[in-house]
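Report on the structure given below.
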Amino acid sequence: MYSRIMVPVDLAHGETLRKAMTQAGDLGQYYGVPVSVVAITTAQPTDVARNPEEFVDELTAFVQEYAVRTGARMQADPIISHDPATDLDRVLRKRSQELGADLVVMASHIPRFHDSIFGSHAGAFVRHSDVSVFVVR
């Protein structure tokens, strides 16, 4: 049914990704398709990594943990952006097209007040994407 699954993640919030990563791994295993775990960072130091190379290492370790846990074929897909906060939605949609992903599994959060004004990244992806999106809360 699916040929590739994409999971966008924010490593700064790794503890909130457990359900979405497990669900993506289970779906990847069930359908026998690869799961691309996409994370966006900047070239400047962040809370997650001091540089892009360290970020790749952190993302790879994170993905490997879930690949072992779920038995799915998962691969790390890091993206370096000048301004991840403003580029995020556009970059994720573009990357899903480049990968040929036909299912995107995204973690969500409990809606907060500012989400009713500005919306969430998952909501924006659902509204503007042409692929199936599974939002996991």
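The values are calculated or read from the model by the stated rules, or taken from the named source; none is laboratory data. Since this is a predicted model, take the numbers as computed values, not measurements. Here the Cβ is made from the backbone with ideal geometry for all residues, glycine too, and neighbour counts use every protein chain on show.
Of the numbered criteria (1) over 16 Å from the mean Cα position of the chain (by Cα); (2) surrounded by 13 or more Cβ atoms within 10 Å (Cβ to Cβ); (3) of a type in the set (K, R), the one R18 fails is (1).
Please work out which one of (1) closer than 26 Å to Q29 by Cα; (2) at pLDDT below 85; (3) in contact with a strand residue (DSSP E or B) (Cβ under 9 Å, 6 or more places away or on another chain); (4) not polar (S, T, N, Q) is the condition D87 fails and give its number. Failing condition for D87: (1). Please identify the pairs in which a residue from region 40-62 that is touching a residue at least 40 places away in the same chain (Cβ under 8 Å) has its Cβ atom under 6 Å from the Cβ atom of a residue that is assigned to a loop (DSSP other than H, G, I, E, B) and among the polar types (S, T, N, Q), counting only partners at least 6 apart or on another chain. Filtered contacts from region 40-62: I40/S81. Scan region 21-47 residue by residue and report those that are over 23 Å from R137 (Cβ atoms) and more than 15 Å from the chain's Cα centre (by Cα). Matches in region 21-47: G32, V33, T42, A43, Q44, P45, T46, D47. Return yes when A124 is crowded, with 18+ Cβ neighbours inside 10 Å and either closer than 17 Å to A39 by Cα or modelled with pLDDT under 75 (or both) and no when it is not. Against the criterion (crowded, with 18+ Cβ neighbours inside 10 Å and either closer than 17 Å to A39 by Cα or modelled with pLDDT under 75 (or both)), A124 does not qualify. Scanning region 3-22 for residues that are at pLDDT 95 or above, in contact with a strand residue (DSSP E or B) (Cβ under 8 Å, 6 or more places away or on another chain) and assigned to a loop (DSSP other than H, G, I, E, B) turns up just one, R4.
Does region 23-32 include one or more residues that are small (G, A, S), out of contact with any strand residue (DSSP E or B) (no Cβ under 9 Å at 6 or more places or on another chain) and in a loop (DSSP other than H, G, I, E, B)? Checked region 23-32: at least one residue is small (G, A, S), out of contact with any strand residue (DSSP E or B) (no Cβ under 9 Å at 6 or more places or on another chain) and in a loop (DSSP other than H, G, I, E, B). Quick check on region 33-80: of everything there that is of a type in the set (K, R) and over 20 Å from A12 (Cβ atoms), which residue is surrounded by the fewest Cβ atoms within 10 Å (Cβ to Cβ)? In this case the residue turns out to be R69. On the given criteria, is L103 farther than 14 Å from V9 by Cβ and modelled with pLDDT of 95 or more? Spelling it out, L103 is indeed farther than 14 Å from V9 by Cβ and modelled with pLDDT of 95 or more.
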